[in-house]
Amino acid sequence: MSTRPIKHSLTLRGHRTSVSLEPEFWKEFRAIAEQRGQTFNGLAIEIDEARGDVGLASAIRVFILNTLKNQSTV
C-alpha cells in the first residue's frame, strides 16, 4: 500500500500550518491544482474555507476522492 504520511507546510491566509497526507494524496492534490490552474496553497485555502468542522487533512482527502470520482464519470 502506501508509505507513511508526509508532512508539508501550507500558508493559509497568512498563517502557516502543516498537513500530513500519504504521498499518493499529495501527488493527486498537486495534479488537481495544476489542472484547475491554481496554486497548491490556493487550492488548500479553497478547501479550508469549505471544510466546516472537519480537519484539514480529512477535507483534502475527501476533496481529492470526490474530484477523482467526478472525473471518472465525465
**OP:** State all residues of segment 20-43 that are open to solvent by 100 Å² or more (accessible area, probe 1.4 Å) and polar (S, T, N, Q); if no residue qualifies, say none.
**Re:** GLN35
Original post:
Is it true that some residue in segment 6-19 is under 23 Å from LYS69 (Cβ atoms), open to solvent by 60 Å² or more (accessible area, probe 1.4 Å) and of a type in the set (D, E, K, R)?
Top reply: no
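The values are calculated or read from the model by the stated rules, or taken from the named source; none is laboratory data. Keep in mind that this is a model prediction, so the values were computed, not measured. Ideal geometry is used to build each Cβ from the backbone, glycine not excepted, and the neighbour counts take in all protein chains shown. Each accessible area value is taken on the protein alone, full model and side chains, heavy atoms only, with ligands, DNA and RNA left out. Shrake-Rupley method; radii C 1.70, N 1.55, O 1.52, S 1.80 Å.
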